[in-house]
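Student: Below you will find the structure I want to go over with you.
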Amino acid sequence: MADFSKREIAERYDLLGRDLAKKGIEIDQAKDRISRFTVEVPSWVFGAFGGGRFSEYLPPGAARNVFEKFDDAAIVNKLTGATPKVSINIGWDDPDVGPFDKIQVDSFKKLRDYAQKVGLKIGTVNPTYYLKGSHFGSLSANNPETRKRYIKHSLVSAEVASRYATGVLTIWLPDGSLYPGQVDLQTAERNVANSLKEIYSRMPESGYMLIEYKLFEPGTYHTVISDVSVASGLARSLGDRAGVIIDLGHHPHGVNIEHIVARLIGDRMLGGFHFNTRYASDDDLAVEPSMEIFRIFHKLVTGGVIGNSDPRKDWVYVIDQCSALENRIHAVLHSVESLTVSYAKALVVDEDKLGRFQDSNEIILANRTLVDAFLTDVRPIIYMARQEKGLPIDPIEAYVQSGYQQKIDRERKQR
């Protein structure tokens with residue numbers, strides 16, 4: 001927990017600034033980029049999703065509807081200044097709580113208006129492909145009526161994104177199979193490709209689509225969109241308004257995810273990132289600072305897809321986690337903190353030295369240059385950025401002291 005006076009922050013900032021200047025790094029430039037850093041928070045982290053794993057246990061104060069989710073997101077943004085947008089899931093976040101097949105685009109106007117009232121915007125929009133009738137596939141289903149129903153749902157979601165959000169539609173399909181022989185692999189992929197082409201051709205031209213991939217779950221034998229090559233191949237087949245969103249937890253352990261980032265940037269693919277942490281085989285946990293997250297941010301920084309003065313050049317960044325037992329707002333604040341630290345570390349890499357060692361094949365010296373930035377205590381940069389914006393130095397401690405948790409515990413007590 002940070003507990004520094006303005007003078008102590010200034011002293012630590014000046015000391016770090018002198019050290020960075022020796023490497024040709026301007027600390028004020030790093031601070032300015034940290035000040036501009038934003039990441040979307042997921043609506044689903046604040047509500048009931050995930051609670052059924054422990055006999056329907058929900059952490060105290062869990063949001064009971066989409067408007068309370070936005071209230072919680074607003075306190076996160078108030079404390080961090082870094083989360084002005086909320087990613088929504090259409091099937092869970094319909095303000096009118098209508099049947100899946102009856103969700104109306106204009107229902108989301110009231111959510112957009114409420115978001116503005118609490119100082120937020122709707123960010124990426126996620127269709128829900130794992131509701132009614134999707135147990136044998138959604139966009140890949142053999143049943144043409146099932147595919148038609150989910151294409152319609154996707155187009156409703158795309159219209160919501162265009163009218164009331166940022167225009168970004170993110171696609172994650174649970175489609176796959178449990179046993180060899182259950183489905184024809186080529187047919188399943190062809191059905192998905194044709195369904196996506198129809199959605200892409202009919203969605204508003206002002207919006208764009210990011211396709212997510214996942215190694216498995218719930219299809220433990222095969223998943224239709226299983227890796228980045230499948231997702232990027234589909235995106236290329238659609239057009240220049242389609243791209244790929246990477247979810248950190250959706251890979252086998254040991255996969256070089258920063259290499260995937262570098263390839264997509266090199267291919268000039270539209271991109272996005274879902275941040276989380278996983279220890280086993282899924283992605284529900286809050287982000288922790290790690291060498292992997294730092295390396296990913298380093299590729300994002302050197303690839304020019306984060307922190308641009310023109311945000312249209314940036315990728316889309318979203319936290320994707322769903323707490324089970326932990327305090328949910330604590331968890332989101334922890335993720336924002338971890339991402340900010342990791343981003344700041346990526347901004348203090350001595351790129352000139354690293355490039356020289358790479359050019360001369362000095363393997364360990366190049367690695368040590370990268371590790372040196374990872375080991376740098378960059379918190380003075382973050383503290384100064386927050387201080388200048390009038391934000392608390394330690395958002396989690398500020399939340400604990402705010403009384404907000406006690407307030408929602410009382411108001412939302414489960415009956």
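The values are calculated or read from the model by the stated rules, or taken from the named source; none is laboratory data. The shown structure was predicted, so the numbers you read here are calculated from the model rather than taken from an experiment. Positions of Cβ are generated from backbone atoms using ideal geometry, with glycine treated the same way; all protein chains shown enter the neighbour counts. The protein model used for the area step is the full one, side chains on, heavy atoms only, and it has no ligands, DNA or RNA in it. Shrake-Rupley method; radii C 1.70, N 1.55, O 1.52, S 1.80 Å.
Student: If you average the sequence gap of Cα pairs under 8 Å that are 6 or more apart and divide by the length of the chain, what percent do you get for the contact order?
Tutor: Details: 718 pairs, mean separation 81.4, N = 415.
Computed over the chain, the figure is 20 percent.
Student: Tell me, how many Å apart are the Cα centres for the stretch 343-379 and for the stretch 172-204?
Tutor: Cα centres, the stretch 343-379 to the stretch 172-204: 42 Å.
Student: Under 25 Å Cα to Cα from residue 345, which lysines show up? Leave out anything in the same chain fewer than 8 places away.
Tutor: Once the sequence-local lysines are set aside, what remains near residue 345 is 6, 22, 23, 31, 78, 85, 299, 313, 353, 389.
Student: Taking the Cα centre of the stretch 1-146 as origin and charging only Cβ (+1 Lys, Arg; -1 Asp, Glu), how large is the dipole, in debye to the nearest 20?
Tutor: Working: 21 positive and 20 negative charges, 74 e Å.
Once rounded to the nearest 20, the dipole reads 360 debye.
Student: Roll a 1.4 angstrom probe over the protein heavy atoms and tell me the percent of accessible area of the stretch 59-127 that is carbon or sulfur. Let's see the in-between values first.
Tutor: Values: 1360 of 2700 Å².
Carbon with sulfur: 50 percent of the solvent-accessible area.
Student: Right, next: Pull up all non-local amide H partners of residue 316: gap of 5 or more, or a different chain, and H-to-H distance under 5 Å with H placed in the peptide plane.
Tutor: Result for residue 316 returns 271, 272, 273.
Student: With every protein chain present, what is the per residue accessible area of the chain (1.4 Å probe, Å²)?
Tutor: Working: 19280 Å² over 415 residues.
Here the residues of the chain average 46 Å² of exposed surface.
Student: Still on this structure: Are there trypsin sites (Lys or Arg not before Pro) in the stretch 240-314 that DSSP puts in a loop and that have at most 11 other Cβ atoms within 10 Å, and which ones?
Tutor: Details: sites: 241, 263, 268, 278, 295, 299, 312, 313; in loops: 241, 268, 278.
Listed in order of number, the matching sites are 268.
Student: Express in whole angstrom the spacing between the alpha-carbon centres of the stretch 245-282 and the stretch 57-124.
Tutor: After rounding, the separation between the Cα centres reads 26 Å.
Student: Largest first and in whole Å, give the semi-axes of the stretch 82-144's equivalent ellipsoid, each being the square root of 5 times a Cα gyration tensor eigenvalue.
Tutor: On the way: eigenvalues 152, 37, 11 Å².
Whole-Å semi-axes of the equivalent ellipsoid: 28, 14, 7.
Student: Per residue of the stretch 9-17, what does 6.51 cos²θ - 1.76 cosθ + 1.60 with θ = phi - 60° give for ³J(HN,Hα)? Whole Hz please, x for Gly and Pro, Karplus curve as stated.
Tutor: 5, 4, 5, 5, 5, 5, 5, 5, x
Student: Okay, moving on. Could you pull out the longest piece of the chain with no exposed loop GluC sites (Glu not before Pro) in it, calling a site exposed if DSSP puts it outside H, G, I, E, B and it has at most 16 other Cβ atoms within 10 Å? Spell out each step's value before the answer.
Tutor: Details: sites that count: 26, 56, 205, 326, 362.
So the longest stretch without any such site is 57-204.
Student: How much of the accessible area of the stretch 237-375, in percent, comes from carbon and sulfur atoms when a 1.4 Å probe is used?
Tutor: Values: 3040 of 5920 Å².
C and S atoms contribute 51 percent here.
Student: Now for a different question. If we count every other residue with Cβ under 10 angstrom of residue 334's Cβ, Lys/Arg +1 and Asp/Glu -1, where does the sum land? Write down the numbers at each step before the final one.
Tutor: Details: positive: none; negative: 288, 326, 337.
Every neighbour counted, the sum reads -3.
Student: Sticking with this structure for a sec: Roughly how many Å is it from the Cα centre of the stretch 4-28 to that of the stretch 205-219, as a whole number?
Tutor: Comparing the Cα centres of the stretch 4-28 and the stretch 205-219, I get a distance of 41 Å.
Student: Counting only pairs 8 or more residues apart or on different chains, how many lysine pairs in the stretch 88-163 have their Cα atoms under 20 Å apart?
Tutor: Summing the qualifying lysine pairs gives 10.
Student: Now, a different point. Please name which of 151, 342, 237 has its Cα lying farthest along the dipole of the chain towards the positive end, using unit charges on Cβ (Lys, Arg +1; Asp, Glu -1) and the Cα centre as origin.
Tutor: Of 151, 342, 237, it is 151.
Student: Once phi is turned into θ = phi - 60°, what whole-Hz ³J(HN,Hα) does the Karplus curve with 6.51, -1.76 and 1.60 give for every residue of the stretch 350-358, x standing for Gly and Pro?
Tutor: Ordered by residue, 3J(HN,Hα) equals 6, 5, 5, 5, 4, x, 5, 5, 5 Hz.
Student: Related question: Which of 390, 137, 272 moves the most in a Gaussian network model of the chain with Cα springs under 10 Å?
Tutor: Of 390, 137, 272, the most mobile in the Gaussian network model is 390.
Student: Taking every pair of distinct Cα atoms and averaging 1/r, then inverting, what Kirkwood hydrodynamic radius in Å comes out for the stretch 18-149? Write down the numbers at each step before the final one.
Tutor: Working: mean 1/r = 0.0573 Å⁻¹.
For the stretch 18-149, the Kirkwood estimate is 17.4 Å.
Student: Taking H as built 1.01 Å from N, whose amide H comes closer than 5 Å to the amide H of residue 210, not counting residues under 5 places away?
Tutor: 169, 170, 171, 243
Student: List, in order, the whole-Hz ³J(HN,Hα) value for each residue of the stretch 310-321 obtained from phi through the Karplus relation with A = 6.51, B = -1.76, C = 1.60 and θ = phi - 60°; use x for Gly and Pro.
Tutor: Listing the rounded values in order: 9, x, 5, 7, 7, 6, 8, 10, 9, 7, 10, 8 Hz.
Student: Let me ask something else about it. In percent, what relative contact order does the stretch 306-415 have, based on Cα pairs under 8 Å that are 6 or more apart in sequence?
Tutor: Details: 50 pairs, mean separation 23.2, N = 110.
Relative CO of the stretch 306-415 lands at 21 percent.
Student: Amide H to amide H under 5 Å from residue 123: which residues, 5+ apart in sequence or cross-chain, H placed 1.01 Å off N in plane?
Tutor: When sequence neighbours closer than 5 places are left aside, the close amide H contacts are 86, 87, 88.
Student: Counting Lys and Arg as +1 and Asp and Glu as -1, what is the net charge of the other residues whose Cβ lies under 13 Å from the Cβ of residue 289? Numbers along the way, then the final one.
Tutor: On the way: positive: 295, 345, 379; negative: 288, 292, 337, 377.
Overall, the nearby charge balance is -1.
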